[in-house]
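Peer 1: So that we are looking at the same thing, I have put the structure below in structure tokens.
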Amino acid sequence: MRSLSPKVWHELQSAVTRMSDKSSLRNMLDVILLWLRRNYECFSVEPFSTYYFYELSHMDEKLMPVEYSTFKLSDLAHVRKVILRYKAKDVEAIARFLRDTIEELVTVEIDEQCPRCESHGMRIFVGKQNGLLAFQCNVCGHAHYSDGSKVDVGGLDFVREVRLRELGLI
Ligand SMILES: [Zn+2]
């Protein structure tokens, strides 16, 4: 596993330091995605490849329902704090944290109960192959399609705002 260059990591840390307290969720998403895209060559290796950073950096964020995310403005301070705390060598933690943060920023949640762990709250995705909506548990990660079938790892994509609106989910 390669480590992240301290210079590249510092770039993101400086960017979040410069963010004002009035920054929106979309500002945070833009800052992270801009950083990923500027340094894309660092993210084609593990652990970033395992967390689909290539796909994250290619999303069309303007079409994503960021304003409907369950992420709260008050969570942004936490994100900034975590980014400033991690060192460049904490690559695994950085990869997981950024992936989770981006995912939370661009997905919406419904109050459905997970069939596996029975927690409430599942995020909505869409199947890459079949186009069906899919629901993923926030707690255990279990995911199933709207027809009840199981989701294979890596088979999901983010749902665009327009689709959620058509379906009456936002
Ligand atoms: Zn679960």
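Taken together, the values in this text are just the output of simple stated rules run on the coordinates, not laboratory data. All values derive from a computational prediction rather than experimental measurement. Methodologically, a virtual Cβ is constructed for each residue, glycine included, from the backbone with ideal geometry; neighbour enumeration extends over all protein chains shown.
Peer 1: Sum up the charges of everything whose Cβ sits under 15 Å from the Cβ of L156, counting Lys and Arg as +1 and Asp and Glu as -1, but leave L156 out.
Peer 2: Charge balance near L156 sits at -2.
Peer 1: Taking only the alpha carbons of the stretch 6-106, what extent do you get along each of the three principal axes, in Å, biggest first?
Peer 2: Largest to smallest, the principal-axis extents are 32, 27, 20 Å.
Peer 1: Let me check I've understood the local charge: for I124, count other residues with C-beta under 14 angstrom from its C-beta, Lys and Arg +1, Asp and Glu -1. What total comes out?
Peer 2: In short, -4.
Peer 1: Enter the angle in degrees (range 0 to 90, nearest 10) between the Cα long axis of helix 91-106 and the first principal axis of the Cα atoms of the chain, meaning the one along which they spread out most.
Peer 2: For 91-106 against the chain, the angle is about 50 degrees.
Peer 1: Determine which lysines satisfy two conditions relative to K150: a Cα distance under 28 Å, and not lying fewer than 8 residues away in the same chain.
Peer 2: Result set, ordered by chain and number: K128.
Peer 1: So if a site counts as exposed when it's one of the trypsin sites (Lys or Arg not before Pro), its DSSP state isn't H, G, I, E or B, and it has at most 15 other Cβ atoms within 10 Å, what's the longest stretch of the chain without one?
Peer 2: That gives 23-71 as the longest site-free run.
Peer 1: Hey, if you put +1 on the Cβ of every Lys and Arg and -1 on every Asp and Glu Cβ in the stretch 1-121, which of L105, L29, Y68 ends up farthest toward the positive end of that dipole?
Peer 2: Comparing the listed Cα positions along the dipole, L29 ranks first.
Peer 1: Kindly express, to the nearest 10 degrees and within the range 0 to 90, the angle between helix 6-18's C-alpha long axis and the longest C-alpha principal axis of the chain.
Peer 2: 80 degrees
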